[in-house]
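Q: Got a structure for you, written out below as structure tokens; questions coming shortly.
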Amino acid sequence: MASLIINGGRRLCGAVDVQGAKNSALPIMAASLLVRGETVLQNCPDISDVDAAMRILRHLGCTAERIGSTLYLDTGQMTGCRIPDGLMREMRSSVVFLGAILARTGEAVLSLPGGCELGPRPIDLHLSALRALGMEIAESGGSIVCKAREPRGCRIDLAIPSVGATENSMLAAFSCVGETVITNAAREPEICDLARYLRAAGAEICGEGTSVITVRRGRPSGRVLHTVIPDRIAAATYLSAVASAGGAGEIRNICPEHIRPVTDALERMGCRIRKEPTAVSILAEGRLCSAGTVTTAPYPGFPTDAQPPLMAACIKCCGMTVFVETMFENRFRHAGELRRMGADIRKEGRVAIVTGVPMLHGAPVEASDLRGGAALAVAALGAEGKSEITGLQHVLRGYEDIASDLRKLGAEIYER
């Protein structure tokens, strides 16, 4: 797929089922190394980041196959502990393999990860947590060389509630003697999903969903069956799409509580939201209002990944919406492309001020990162005329088939 063509300016009406969560599937795939046997992972999204994680597992001597939305992973015959630079550069979250490989083999060698360029995302927190567990870590020739001499449980006080550092700490603690207590831990739903998997894999874990997680050494179970939670960012994207274009939509196979900050913002804008146990319906009529001030924050705050799509939905709202980005300094890279469609967006450091305009027009635009690309699609649906979005390799990292999903909501969109 080289580009997306969107004919905007038409109301949406339809329903779509949300894929499994990218940010849950990837750390669980790394955690499969701890099982020393088969993992059957259901509701796993068919996206390029998952493909990259499968290639990493195969490089380590494991088997990884997909049938539909189910992955069959067998890590019983793992033979390696090194991930080459080429594979590491394919996705940012590849660093989560570090804790799992250390727990399984006692040593690991890998380079710095790749992914979207959203600003500095140092892995210092990951490394300091692993050192606290007794891991020896050195840098050599651009690679991180780690060895676990006598790993022991300890107290890990994270400076910030980093999702990745929390995940790596949980994975590494699987093999440590004694108890590991992670304070200021991330509270995201994906952390809870990883904890459920690790518990099924043989670990003793409690406290997930709070700021203190306790992990005790696990005994590999040999086989785990697990279903990945729904992708809350995909759900937020499709809700924003309906808000941008106007109309009615039902977003199914989701947990409404996971996207509460997003639905709260949409209600402030004037959308009518109805929540059911596994679905959210949205009705957007007429010109919407400002969402006020939207400040990104760790869960349960407003997710940084949902900020670009919501910004795109606010472009035509009455009044001014202020976005404060606290997570990534380059998260507003999509703003320049949105201005090509007629948006009035002013950036001041980590603040973006969106002043509503009455109309957008279609334009050729290019995605520079995953969520920014989704934002361009959201804006194009609310713009008059045709838009062409290039740079889709970024979007394919996180959306299984965004064109098909938007068509289910009534969008006129096709690939070229």
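Q: Report, by residue number, each residue of the range 387-416 that is in a helix (DSSP H, G or I) and either closer than 23 Å to R340 by Cα or in contact with a strand residue (DSSP E or B) (Cβ under 8 Å, 6 or more places away or on another chain) (or both).
A: So in the range 387-416, the residues in a helix (DSSP H, G or I) come out as 392-395, 402-408.
Passing the criteria: L392, Q393, H394, V395, I402, A403, D405, L406, R407, K408.
Q: Give L34, L71 a once-over and let me know the one that is surrounded by 15 or more Cβ atoms within 10 Å (Cβ to Cβ), out of contact with any His (no Cβ under 9 Å at 6 or more places or on another chain) and within 29 Å of T304 (Cα to Cα). Steps first, answer last, please.
A: Values: L34 fails: within 29 Å of T304 (Cα to Cα).
Exactly one residue qualifies, and that residue is L71.
Q: Cβ-Cβ distance below 8 Å, separation of 6 or more or different chains: which pairs start in the range 125-145 with a residue that is at positive phi and end on one that is assigned to a helix (DSSP H, G or I)?
A: Going by the 8 Å Cβ cut-off, the qualifying pairs are G142/D85.
Q: Report yes if some residue within the range 108-130 is in a strand (DSSP E or B), among the charged types (D, E, K, R) and more than 29 Å from E179 (Cα to Cα); otherwise report no. Before you say what the answer is, go through the steps one by one.
A: Residues of the range 108-130 in a strand (DSSP E or B): 108-111.
With among the charged types (D, E, K, R) added as a condition, the list becomes none.
Checked against the condition, which is being in a strand (DSSP E or B), among the charged types (D, E, K, R) and more than 29 Å from E179 (Cα to Cα), the range 108-130 yields no hits at all.
Q: May I ask you to say which residue of L60, L71, L98, L102 is closer than 19 Å to S143 by Cα, assigned by TED's automatic domain parsing to the domain that holds E150 and within 20 Å of the chain's Cα centre (by Cα)? Don't jump to the end; show me each part of the working.
A: Details: L60 fails: within 20 Å of the chain's Cα centre (by Cα); L71 fails: closer than 19 Å to S143 by Cα; L102 fails: within 20 Å of the chain's Cα centre (by Cα).
It is L98.
Q: Name the single residue, out of those in the range 167-182 being part of a loop (DSSP other than H, G, I, E, B) and not small (G, A, S), that is farthest from Q42 (Cα to Cα).
A: Here is the first cut: in the range 167-182, the ones part of a loop (DSSP other than H, G, I, E, B) are 174-176, 178.
From what is left, the residues that are not small (G, A, S) are 174, 176.
Numbers: F174: 23, C176: 29 Å.
Looking at the filtered set, the residue picked out is C176.
Q: Can you pull out every residue in the range 156-179 that is out of contact with any Leu (no Cβ under 6 Å at 6 or more places or on another chain) and of a type in the set (S, T, Y)?
A: Matches in the range 156-179: T166, S169, S175.
Q: Suppose we keep only residues that are in a helix (DSSP H, G or I) and hydrophobic (A, V, I, L, M, F, W, C) within the range 144-166. Which one would you say is farthest from L98 (Cα to Cα)? Walk me through it before giving the result.
A: Of all residues in the range 144-166, those in a helix (DSSP H, G or I) come to 163-166.
Subsequent filtering for residues that are hydrophobic (A, V, I, L, M, F, W, C) retains 163, 165.
Details: V163: 14, A165: 11 Å.
The selected residue is V163.
Q: List pairs: first in the range 65-91 and under 22 Å from E107 (Cβ atoms), second among the aromatic types (F, W, Y) and surrounded by fewer than 14 Cβ atoms within 10 Å (Cβ to Cβ), Cβ under 8 Å, 6+ apart or cross-chain?
A: Close Cβ pairs (under 8 Å, with a partner that is among the aromatic types (F, W, Y) and surrounded by fewer than 14 Cβ atoms within 10 Å (Cβ to Cβ)) do not exist here.
Q: Still on this structure: Do any strands (runs of 3 or more DSSP E) entirely within the range 263-356 hold 3 or more residues that are touching a Lys or Arg at 6+ places or on another chain (Cβ under 7 Å), and if so, which?
A: Values: elements: 272-276, 279-284, 293-295, 320-324, 344-348, 351-355.
Output list reads 279-284.
Q: Right, something else. Taking into account only those residues within the range 336-352 that are basic (K, R) and more than 26 Å from the chain's Cα centre (by Cα), which is surrounded by the fewest Cβ atoms within 10 Å (Cβ to Cβ)?
A: Restricting attention to the range 336-352, the residues satisfying the condition of being basic (K, R) are 339-340, 346-347, 350.
Next cut, more than 26 Å from the chain's Cα centre (by Cα) only: 340, 346.
Numbers: R340: 17, R346: 12.
Selected residue: R346.
Q: Still on this model: Which one of the conditions (1) surrounded by fewer than 20 Cβ atoms within 10 Å (Cβ to Cβ); (2) under 26 Å from E250 (Cα atoms) does T355 fail to meet, given that it meets all the rest?
A: (2)
Q: Restricting attention to the range 358-388, which residues are within 21 Å of the chain's Cα centre (by Cα), crowded, with 24+ Cβ neighbours inside 10 Å and not charged (D, E, K, R)?
A: Step one: of the range 358-388, the residues within 21 Å of the chain's Cα centre (by Cα) are 366-379.
The next check asks that each one be crowded, with 24+ Cβ neighbours inside 10 Å; those that pass are 367, 370-379.
Hits for the range 358-388 are A367, L370, G372, G373, A374, A375, L376, A377, V378, A379.
Q: Here are some residues: R223, R216, R272, R287. Which one is in the same structural domain as E179 (by TED's automatic domain parsing) and farther than 29 Å from D49 by Cα?
A: Details: R223 fails: farther than 29 Å from D49 by Cα; R272 fails: in the same structural domain as E179 (by TED's automatic domain parsing); R287 fails: in the same structural domain as E179 (by TED's automatic domain parsing).
Of the residues listed, the single one that is in the same structural domain as E179 (by TED's automatic domain parsing) and farther than 29 Å from D49 by Cα is R216.
Q: Regarding the range 156-164, can at least one residue be identified that is over 22 Å from the mean Cα position of the chain (by Cα), surrounded by fewer than 23 Cβ atoms within 10 Å (Cβ to Cβ) and either on the phi < 0 side of the Ramachandran plot or at pLDDT 95 or above (or both)?
A: First, pick out the residues of the range 156-164 that are over 22 Å from the mean Cα position of the chain (by Cα): 156-157.
Filter once more, keeping what is surrounded by fewer than 23 Cβ atoms within 10 Å (Cβ to Cβ): 157.
From what's left, either on the phi < 0 side of the Ramachandran plot or at pLDDT 95 or above (or both): 157.
Yes, because at least one residue in the range 156-164 is over 22 Å from the mean Cα position of the chain (by Cα), surrounded by fewer than 23 Cβ atoms within 10 Å (Cβ to Cβ) and either on the phi < 0 side of the Ramachandran plot or at pLDDT 95 or above (or both).
The values are calculated or read from the model by the stated rules, or taken from the named source; none is laboratory data. Here the structure is a predicted model, which means the values were calculated and not measured. Note that we place each Cβ from the backbone using ideal geometry, even for glycine, and neighbour counts take in every protein chain shown.
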